[in-house]
Structure formats: structure tokens, C-alpha cells
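K.L.:
Below you will find the structure I want to go over with you.
Readers should treat all values here as calculations from the given coordinates under stated rules, not as data from a laboratory. The structure displayed is predicted, hence computed values, not measured ones. As a convention, Cβ positions derive from the backbone with ideal geometry for all residues, glycine included, and neighbour counts pool all protein chains shown.
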Amino acid sequence: MSILIDADTTFIVQGITGREAVNLVKECLDYGAGAKIVGGVTPGRKGRDVHGVPVFDTVAQCVEHHRGPIDGSVVTVPPAFTKDAVFEALQNGIKLVVIVTERIPRGDVAQMVELAAEREARIIGPNCLGVIVPDVIKMGGIGGPARDAAKSYTPGTVGVISRSGGMTTEMSSTLTAAGLGQSTAVSIGGDAIIGSSYAELMPLFEADPQTEAIVIYTEPGGRMEAELARYVTENDSRLPIVAFMAGRFMDEMPGMSFGHAGTIVEGKEDTATEKIARLAQAGIVVAEEISVIPDIVKDKLGARV
Amino acid sequence: MTDALFIDVEVDASVAQDRELAAKLTEVCPVDIFAQSDDGALEIVQENLDECVLCELCINAAPPGTVKVIKLYSGETLPAGAAVAGG
Amino acid sequence: MRFFEYESRAIVAKAGIPITKQGFAKTPEEARRIAEQIGGPVVIKSQVLSGGRMKAGGVKFADTPDEAAGHAERILELEIGGHMPRGVLVDDRADVKHEYYAGVVWDGIRKLPVILFSDMGGIDIEEVAENHPDHVARAHFSTLRPFSDWQAKQLISSLGVTGSALNRLTPILARLARLFLSYDMTLAEINPLGELTDGAFVALDAHMDMENEARPRQKELLHELGVGDEETRQAREPTPFELAGEQVDAMDHRGVAGNVTEFDGNLGLVIGAGGGSLTLFDAVRAQGGKPANYCEIGGNPSVRKACGLAKLVLQKPGVERIAVMMSIVSNTRVDIVARGVIKACVELGHDPAEKIAIFRIPGAWEEEGFKILERYGIEYADRSVSLHEAARRAVEKIQGGNGAGAEGDQFRQTTAEIGSETDV
């Protein structure tokens with residue numbers, strides 16, 4: 001099993017004719033059993049195709065062509081048009097929106113998230129690489145071309161959640177090399193407001209019988225780690241969590257922006273030191289370096305049996 | 001190693017004057033290695049050679065065997081196995 | 001990006017919130033003229049982007065225009081938190097009866113804006129929230145539906161405020177909530193929000209912070225305020241080295257090779273991407289290395305851009321070698337980055353095998369990249385070598401193995417300086 005997507009998931013790509021989107025479509029079609037990309041949208045380009053995927057002017061046309069509801073959409077349109085594209089997807093019944101676009105102002109993100117909540121839909125991202133279920137399906141650029149993704153991701157029992165797209169692959173690859181496969185890996189995005197946080201994905205992993213442990217990549221900035229610590233404490237989670245915290249040096253440089261938009265230390269609570277302490281209090285092990293994560297995970301899994 | 005040149009492109013003399021091909025090569029290359037002079041003749045933009053992404057679009061656009069991409073760092077050529085004129 | 005107080009107050013006034021009579025002055029003479037126009041006691045306030053103005057002597061009271069000019073002269077020469085002021089604000093000294101607080105920020109967990117109100121203004125709101133929680137009211141509000149006046153009224157009245165104060169405060173808070181969204185602020189704060197002896201309410205000070213990502217669509221407002229595109233308004237001004245990094249990144253639109261921050265070490269870093277850079281910078285320091293810079297490459301940059309960034313780092317005074325490291329790449333290409341950094345070394349007259357301490361970028365097109373690296377005799381590593389191990393090897397090469405423990409003192413120096421500039 002997996003979370004969010006599986007072999008049957010259908011999705012579209014909004015902004016499908018863009019340079020990066022064209023690559024992404026090919027990668028997803030090539031990976032695992034081949035993603036069911038049922039259409040793409042670029043206004044004014046109806047009638048074309050991208051690697052065999054038909055292009056339409058509107059999401060409604062995709063739905064009509066598919067003759068039924070579509071599960072998801074990968075949104076890769078420029079920042080100024082993203083909100084409109086996401087609204088279009090949500091209003092046409094799409095329940096899972098992966099937003100790849102970066103540099104979207106948070107006022108726009110908040111609106112998308114609010115509308116998604118009203119439509120009982122879920123947003124992953126923005127500024128993320130998407131979701132991958134090893135050897136089955138990937139939705140987004142996560143892991144890169146199918147051949148490369150296969151080197152890093154293998155099926156298994158570890159759920160991966162990461163604020164950095166690249167580090168999702170780096171950590172999964174480390175797990176894979178140590179014989180630990182992944183149930184689902186989710187790149188949640190590095191912005192200050194994102195559609196799905198660690199704590200919001202936890203119940204899905206909790207409910208997934210395949211998942212036995214969680215590995216997360218975190219950074220300074222924001223309160224998402226505190227939210228996760230609270231979730232774990234309050235819900236008596238069955239899943240051991242191992243975290244890696246990057247950007248510890250930023251504690252000494254408040255107000256300076258590094259890495260992602262959400263990664264800026266603005267107060268005491270969002271420093272790396274403070275977050276590590278909070279996670280530790282909730283029983284989440286914070287690894288000093290990535291290479292030691294597999295051993296900690298194995299240790300945790302062994303201890304539970 | 002005292003030089004840092006990575007890619008060279010060879011266009012066979014038999015097609016070098018073909019303006020139609022020149023236009024085609026100029027269009028397909030994603031990193032602008034090919035260009036046309038004012039009279040439409042094919043030009044190779046030296047400073048863009050090392051931007052080559054080995055996509056082979058130029059090779060596929062030209063008659064077989066007329067365009068070769070040479071990896072100077074390994075001596076390999078694209079399309080694979082093509083002989084390089086003049087060694 | 002942060003606004004100066006005089007800009008923040010202009011924004012507030014533009015949104016229809018009353019402010020005191022005031023003017024921005026760059027010379028003592030201008031300050032005198034503004035004081036004359038106001039015609040009464042004034043306050044002279046230093047315009048710097050750092051806190052603690054009062055303590056540093058950057059706020060002075062004047063009863064006459066002459067006195068105003070005198071204070072302005074001294075304040076204009078007074079450095080606060082490492083910054084010279086951009087000018088002074090000459091502000092009407094209003095007769096204040098009571099000070100309130102009003103502010104709007106984002107709640108990243110609820111993913112909604114939250115408006116805060118307190119009847120204890122003039123001091124830091126976090127202090128009030130901690131010591132007098134019953135004097136702070138807060139309410140989340142929708143970004144989809146327009147903010148309605150009743151939402152402000154309900155918030156204010158929850159602290160027991162009634163009568164004309166309630167009716168006069170309501171539109172002010174409602175306008176603040178609307179300006180927060182319409183101008184893409186990440187912080188919009190009026191503190192103190194003064195109730196004057198004549199019953200009027202005015203913004204006595206304001207603090208606005210706009211989201212960088214929104215700058216393109218807020219061009220009109222920024223233009224009106226005279227904020228240039230080149231003003232980054234970070235916690236410290238960019239150095240020439242960092243500005244040169246921006247130029248490298250602007251060379252073409254393919255990918256990113258920039259986001260450079262300067263440090264004082266001897267190991268130049270060509271690292272990526274966002275999360276990878278953060279991890280690698282930590283890793284180098286954990287191994288006792290002294291980074292000369294932070295930077296980010298990613299999104300499949302051109303050879304030219306990777307070369308430009310590597311050249312910039314190589315030419316930085318004090319840099320002995322560079323380490324080229326990234327987390328596993330899926331979009332950026334190993335061979336393209338390899339070509340770029342080798343070109344940089346060779347064109348500057350260096351042997352790449354000598355200058356590049358280690359090259360650790362696994363992923364897309366790695367076979368091709370490794371061929372290039374081998375040809376030039378550069379030490380490289382694939383994904384079986386962790387980011388921390390790669391950092392260790394780089395540090396070992398530059399410090400001959402006695403790196404551990406030799407924590408970068410100069411790094412501390414640089415950051416201590418930055419830290420002191422941000423005591424907001």
C-alpha cells in the first residue's frame with residue numbers, strides 16, 4: 001500500500017507544454033507501471049500532444065475527454081498564474097493537487113489551501129517535486145528520469161516526508177543502499193505556507209499498513225516541526241520517526257534568508273536548536289548526519305518487535 | 001590538462017552550404033550552437049559549443065552521417081561509432 | 001522585505017488609516033522646514049532598519065524648529081546596529097491619552113492570516129502576550145472572502161472596549177487587515193495606535209514587511225514609495241561579492257547558480273540545491289572546515305553559469321580550494337556542472353585536480369560527468385559517499401587532516417555582527 005497515490009491514480013498536468021513539464025511527463029510515463037496521465041492543459045494549445053498525452057485548453061475538457069472524475073493534477077504554470085490554475089483544478093473536482101511552481105506569494109497559497117479545504121481536496125507543495133511510490137508510480141519530477149529514480153527509490157516500509165525535493169531523493173537513496181525501502185516519499189515543499197505539513201500527512205501513514213517508520217528532512221523556519229511534535233505526543237503514534245535537520249548554522253544569522261523561502265529564522269521558536277529540542281521531547285530522534293539514519297531506523301524497528 | 005574544451009561539432013562539407021539544413025539546425029539546437037550568417041550559410045557558434053547537452057537533435061535533423069558531435073574529453077563521437085574526419 | 005518607518009506610515013495612510021502630520025528629511029534643513037510646517041513640538045526619529053532606536057539615541061524630542069534641526073544633524077550621523085540612517089522622520093508630537101496595538105501576521109500552521117489587538121500598546125506585543133494574555137485578542141480570517149468590519153469590531157470588543165473608541169478603532173483594524181492581504185505583507189503592525197486627547201485615533205508608529213515573492217506584482221506601490229529593485233532589505237546589506245553572485249545568476253534564465261553569501265573561510269563552496277546547500281554547509285563546519293561562502297546551484301544551470309559561480313568563488317581572497325558538492329541531482333546535470341567548474345579553474349590558470357578538493361554530485365548524467373572528471377584527474381565521489389563524508393574529505397585536503405576542532409573563529413565573527421543588527 002501507499003499514501004496519496006497508487007497504480008490506479010489518474011492525473012493531468014497543468015502547464016504541460018513547458019520545458020520542465022515535458023520532461024516531467026516523460027519521466028512519469030516511464031516510471032513503474034507508467035503513470036495514467038489522462039491529459040494536460042495549456043490554454044490555446046488544444047489538439048497537440050506531449051509524449052502521447054492529449055493537450056486541452058481547460059481542465060473541464062480533460063474531464064470530459066476522460067469521461068469521469070480525475071484524481072489529481074500536477075501544476076507547473078508560472079507563479080502569477082498558479083492560483084487560477086489550482087482554482088480551476090479544484091472547481092473541476094480534482095482532489096489532489098501537486099504544485100511544483102516556486103516563488104508564489106503566500107497570500108495566493110493561503111487562498112488555494114482554503115478553497116481546497118472547502119472542496120475536501122488536498123494540496124502538496126508549492127515548491128515541491130511531488131510524490132513517489134517506489135516501482136509503482138510517481139507524480140511530479142521527484143527522483144528525475146525513471147532510470148535515475150529507480151536507483152534511489154525501492155519499495156519498503158519507510159515513509160519519507162521532506163521540505164526539500166532534492167533531499168527526499170538523497171535520504172531515500174541512503175535508505176535504499178542500506179536495504180530499507182520506502183512505502184511513499186513525499187516532497188512537501190520549502191515555503192512558509194504549504195498545503196500538507198508533516199502532521200497532516202501523519203494520519204495517512206498511520207493508516208497505511210505497509211508503513212512502519214517515518215524519516216523526515218527538516219529546516220529552520222516556521223512551526224511545522226512543533227506541530228509534528230504535538231501530533232506525535234497527542235496521538236500516541238505507532239510510527240517511530242527519525243528526523244534530519246539541515247541549516248543549523250542559520251541559528252547564528254537571524255533574519256538572513258538561505259535555501260527555501262520558508263527557511264528564515266525570525267524568532268526564537270524557529271531556530272534549528274529549538275526545533276531539535278522539541279522533536280526530541282516528543283521522542284523523535286534527530287540524526288546528526290544522513291548516513292546514520294538507516295541504523296537508527298533499523299534499531300527502532302527492531303526494538304518494537 | 002591545460003585546456004577546458006569539451007565538445008566539438010563536425011558538419012560534413014557536402015551539406016555545409018545547405019541553407020535549409022542550416023535553418024533546421026539553428027532551430028533544433030536548444031543551446032544555440034548553430035546559427036546562420038546574413039546570407040543564410042551555416043555557422044558554428046564557438047562560445048556555445050561547451051553548452052551542448054548531447055541531445056542529438058542536430059544529428060537527427062541532418063542526413064545520416066553528416067553531423068557529428070565529438071566529446072573531446074573521451075574521444076567518443078555521436079552518433080555512436082561515427083568516424084571523425086582528420087582524427 | 002522590510003520597510004522603513006516613514007514608508008510604513010505612508011502605506012498605512014494610503015490604506016485610509018490616519019497618521020500624524022509628518023515628513024521625511026535627509027538634511028537638518030529639511031527637518032527644520034518640516035518642523036516649521038507642523039508648527040509645534042515634534043519627535044525626530046532615525047530611519048534605520050534595526051530595532052533599539054530609542055536606546056541608541058535615535059529618537060529625540062524638540063520644541064522648536066531650531067532644536068529639531070539640531071537633533072536631526074546628530075541623528076543623521078548616528079550609526080545604529082551597524083547601519084547609517086537613511087534620513088529622519090519629523091513627526092508631530094501628539095497628545096496621547098492611551099496606546100493600543102494592532103497587527104496582522106500569517107499563521108503557517110492554520111495557513112490563515114491572524115489579526116491581533118491589544119489595549120496595551122507601545123510595548124512589544126510578545127511581551128504583552130506573555131505577561132498579560134488577557135489583554136491580547138486574536139482572530140484568524142479568510143483570504144477568500146473580503147474582510148468585514150464586524151470581524152474587527154468583534155475582536156476589539158472582546159477586550160471590553162466600547163463607546164466611541166470601539167467605533168473609531170473598527171475601521172482602522174479592518175483597513176489594516178485588508179492592506180495586509182492586498183499588499184502581500186508578512187507583517188503589518190501599528191504600535192502604538194494612539195488615542196489622542198481629542199478622541200482621534202492615529203498610527204504613531206508602523207512596521208511593515210512585504211513578501212519578496214510578491215515584489216513583481218507590487219511594483220506600483222514600491223515605485224510610489226521610491227523603493228528600487230536593487231534594494232534587498234535583508235538583515236544586512238549585500239557585499240560586492242554577493243552582488244557579483246547575483247550577476248552570475250542573471251547571466252541567463254537556465255537554472256540557478258547564485259544565492260551567494262560571503263564568509264571568511266578558505267574553502268570555497270560550489271554547492272546545491274536548497275536543502276543540499278544547507279546540509280553541506282553544516283557538514284563542512286561540523287568537520288572543522290571554514291567555508292568561504294554559501295551558495296546554491298540547481299534547476300539545471302548552463303555551463304556558463306556554473307563556470308561563472310565557480311570563478312567568483314575561486315577568485316575570492318583567501319580561498320585555497322573549492323568543494324563542488326550536491327545532493328543527488330535529478331534535473332541538474334552532473335556533466336554540465338563538471339564542465340563549468342573545470343572551465344573556471346583552467347581559465348583562471350589553475351589545475352582543476354589541484355583546486356577542486358572534491359566533486360560529489362551523483363545523479364543525472366553521472367556516467368558522462370565522471371568521464372570528464374577522470375580525464376582531468378579530479379577526485380570525485382558517487383552516491384555511496386555521504387554528503388558528510390564528502391565534506392570531511394574536502395576539509396581534510398585543505399587542512400591536512402587536523403581540521404577537527406579548529407572551529408572557524410572568523411565565521412563566528414561575521415555572524416555575531418549580523419546577529420547584533422537584527423535586534424528588532
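K.L.:
What is the average number of partner chain Cβ atoms found within 10 Å of a Cβ in A:254-265?
P.N.:
Across the residues of A:254-265, the mean count of other-chain Cβ atoms within 10 Å is 6.
K.L.:
Straight-line reach from residue C:55: which lysines have a Cα under 19 Å away, not including same-chain ones fewer than 8 places off?
P.N.:
C:45
K.L.:
Here is a follow-up. What's the center-to-center distance, using Cα atoms, between region C:8-49 and region C:349-401 in Å?
P.N.:
Answer, in whole Å: 57.
K.L.:
Debye calculation, C-alpha points only, no solvent: report log10 I(q)/I(0) for chain C at q = 0.09, 0.13, 0.14 Å⁻¹, in the same order as the q values.
P.N.:
-0.71, -1.06, -1.13
K.L.:
Quote the convex hull volume per residue of region C:152-270, based on C-alpha atoms, as a whole number of Å³.
P.N.:
It is 181 Å³ per residue.
K.L.:
With r defined as the distance between the Cβ atoms of residue C:134 and residue C:315 and R0 fixed at 45 Å, what FRET efficiency is calculated, to the nearest 0.05?
P.N.:
Efficiency, rounded to the nearest 0.05: 0.15.
K.L.:
Just to check I understand the Karplus step: with θ = phi - 60° and J = 6.51 cos²θ - 1.76 cosθ + 1.60, what whole-Hz values come out for region C:328-345, glycine and proline as x?
P.N.:
For region C:328-345, the Karplus-derived couplings read 3, 9, 10, 10, 4, 9, 4, 5, 5, 5, 4, 4, x, 6, 5, 3, 4, 4 Hz, x marking Gly and Pro.
K.L.:
Please list, in chain and number order, the residues 5+ apart from residue C:333 or on another chain whose amide H is under 5 Å from its amide H, with Hs placed from the backbone.
P.N.:
Under 5 Å from the amide H of residue C:333: C:300.
K.L.:
Still on this structure, I have one more. Per Stokes-Einstein, at 10 °C and 1.306 mPa s, what whole-number D in µm² s⁻¹ belongs to the protein assembly as shown, with the Kirkwood radius over Cα pairs as the hydrodynamic radius? Each step should come with its number before you reach the end.
P.N.:
On the way: Rh = 28.8 Å.
In µm²/s, the coefficient is 55.
K.L.:
A further question on this structure: Sorting check: for A:99-106, C:163-170, C:356-363, which peptide has the highest mean count of neighbouring beta carbons within 10 Å, and how do the rest follow?
P.N.:
Descending packing order for the listed peptides: C:356-363, A:99-106, C:163-170.
K.L.:
With point charges of +1 on the Cβ of Lys and Arg and -1 on the Cβ of Asp and Glu, referenced to the Cα centre of the protein assembly as shown, which listed residue (C:62, A:116, C:273) lies farthest in the positive direction of the dipole?
P.N.:
A:116
K.L.:
If you don't mind, there's one more thing I want to ask. For residue C:361, what residues show an amide H to amide H distance below 5 Å, using hydrogens built from the backbone and excluding near sequence neighbours?
P.N.:
C:326, C:381
K.L.:
Can you tell me what the convex hull of the Cα atoms of region C:240-419 projects to on average, as an area in nm²?
P.N.:
Values: hull surface 36.8 nm².
Value for region C:240-419: 9.2 nm².
K.L.:
Ok, one more. With both bridge residues required to lie in chain A, what share of the DSSP beta bridges run antiparallel, to the nearest 5%?
P.N.:
So the antiparallel bridges in chain A amount to around 20 percent.
K.L.:
Based on DSSP H assignment, which helices of chain A show an axial Cα extent of at least 15 Å together with a mean Kyte-Doolittle hydropathy greater than or equal to 0.0?
P.N.:
Counting only whole DSSP H runs, the qualifying helices are A:79-91, A:106-118, A:165-177.
K.L.:
Considering only DSSP beta bridges with both partners in the protein assembly as shown, what is the antiparallel share in %, to the nearest 5?
P.N.:
55
K.L.:
Just the number: Rg to Rh for region A:10-304, Cα atoms, Kirkwood Rh, two decimals.
P.N.:
Numbers: Rg = 18.8 Å, Rh = 19.3 Å.
Taking Rg over the Kirkwood Rh, I get 0.97.
K.L.:
Hey, another quick one. With axes computed from alpha carbons, what is the tilt in degrees of helix C:28-38 against the longest principal axis of chain C, rounded to the nearest 10 within 0 to 90?
P.N.:
That works out to roughly 30 degrees.
K.L.:
Then there is this: Where nothing but the Cβ of Lys and Arg (+1) and of Asp and Glu (-1) is charged, how large is the charge dipole of the protein assembly as shown around its Cα centre, in debye to the nearest 20? List each step's numbers first, then the result.
P.N.:
Numbers: 79 positive and 118 negative charges, 232 e Å.
Using only the charged Cβ atoms, the result is roughly 1120 debye.
K.L.:
Still on this model: Any idea what angle helix B:19-28 forms with the longest principal axis of chain B, computed on alpha-carbon atoms, 0 to 90 degrees, nearest 10?
P.N.:
The angle comes out near 60 degrees.
K.L.:
May I pose another question? Compute, for region A:1-137, the length of the dipole vector about the Cα centre, with Cβ point charges of +1 (Lys, Arg) and -1 (Asp, Glu) only. Units Debye, rounded to 20.
P.N.:
Magnitude of the dipole: close to 280 debye.
K.L.:
Quick check on region C:87-169: what are the equivalent-ellipsoid semi-axes from the Cα gyration tensor, as sqrt(5λ), descending, whole Å?
P.N.:
23, 17, 15
K.L.:
Roughly what % of Cα-Cα distances in region C:6-104 sit above 24 Å, to the whole percent?
P.N.:
Numbers: 977 of 4851 pairs.
Distances greater than 24 Å cover 20 percent of the Cα pairs.
K.L.:
Follow-up. Got a sec? How would C:392, C:375 order by Cβ neighbour count within 10 Å, fewest to most? Display every interim value, and only then the final one.
P.N.:
Values: C:392 23, C:375 18.
Least to most surrounded, the residues fall as C:375, C:392.
K.L.:
Now for a separate question. Partner chain Cβ atoms within 10 Å, averaged over the residues of C:382-390 - can you pull that number for me? Could you put the intermediate results ahead of the total?
P.N.:
On the way: counts 0, 8, 3, 1, 8, 7, 5, 3, 0.
If you average over the peptide's residues, the count of other-chain Cβ atoms is 4.
K.L.:
How large is ³J(HN,Hα), in whole Hz, for each residue of region A:187-195 in order, when computed from phi with the Karplus curve 6.51 cos²θ - 1.76 cosθ + 1.60 and θ = phi - 60°, using x for Gly and Pro?
P.N.:
8, 8, x, x, 8, 5, 10, 10, x
K.L.:
Going by average Cβ density within 10 Å per residue, which order do the peptides C:278-287, A:291-300, C:35-44 take, highest to lowest?
P.N.:
Taking the mean over residues of other Cβ atoms within 10 Å, the ranking is C:278-287, C:35-44, A:291-300.
K.L.:
OK, next. Which whole-angstrom value gives the distance between the alpha carbon centres of region B:1-65 and region A:146-186?
P.N.:
Between the Cα centre of region B:1-65 and that of region A:146-186, the gap is 39 Å.
K.L.:
Between helix C:65-76 and chain C, what is the angle of the helix's C-alpha long axis to the longest principal axis, kept within 0 to 90° and rounded to the nearest 10?
P.N.:
For C:65-76 against chain C, the angle is about 20 degrees.
K.L.:
Considering only Cα-Cα distances, which of the following residue pairs are longer than 23 Å: A:275/C:316; C:305/C:397; A:26/A:151; C:343/C:371; C:21/C:97; C:290/C:311? Provide the component values of the computation, followed by the final result.
P.N.:
Numbers: A:275/C:316 34 Å; C:305/C:397 26 Å; A:26/A:151 17 Å; C:343/C:371 15 Å; C:21/C:97 18 Å; C:290/C:311 19 Å.
Table pairs above 23 Å Cα-Cα are A:275/C:316; C:305/C:397.
K.L.:
Kindly write out, for region B:6-16 in residue order, the coupling ³J(HN,Hα) from the Karplus curve 6.51 cos²θ - 1.76 cosθ + 1.60 (θ = phi - 60°), rounded to whole Hz, with x marking Gly and Pro.
P.N.:
10, 10, 10, 10, 10, 10, 4, 4, 5, 10, 4
K.L.:
At each listed q (0.21, 0.22 Å⁻¹), what is the log10 of I(q)/I(0) that the Debye formula gives for region B:7-78 modelled as equal alpha-carbon point scatterers?
P.N.:
Those come out to -0.85, -0.93, one per q.
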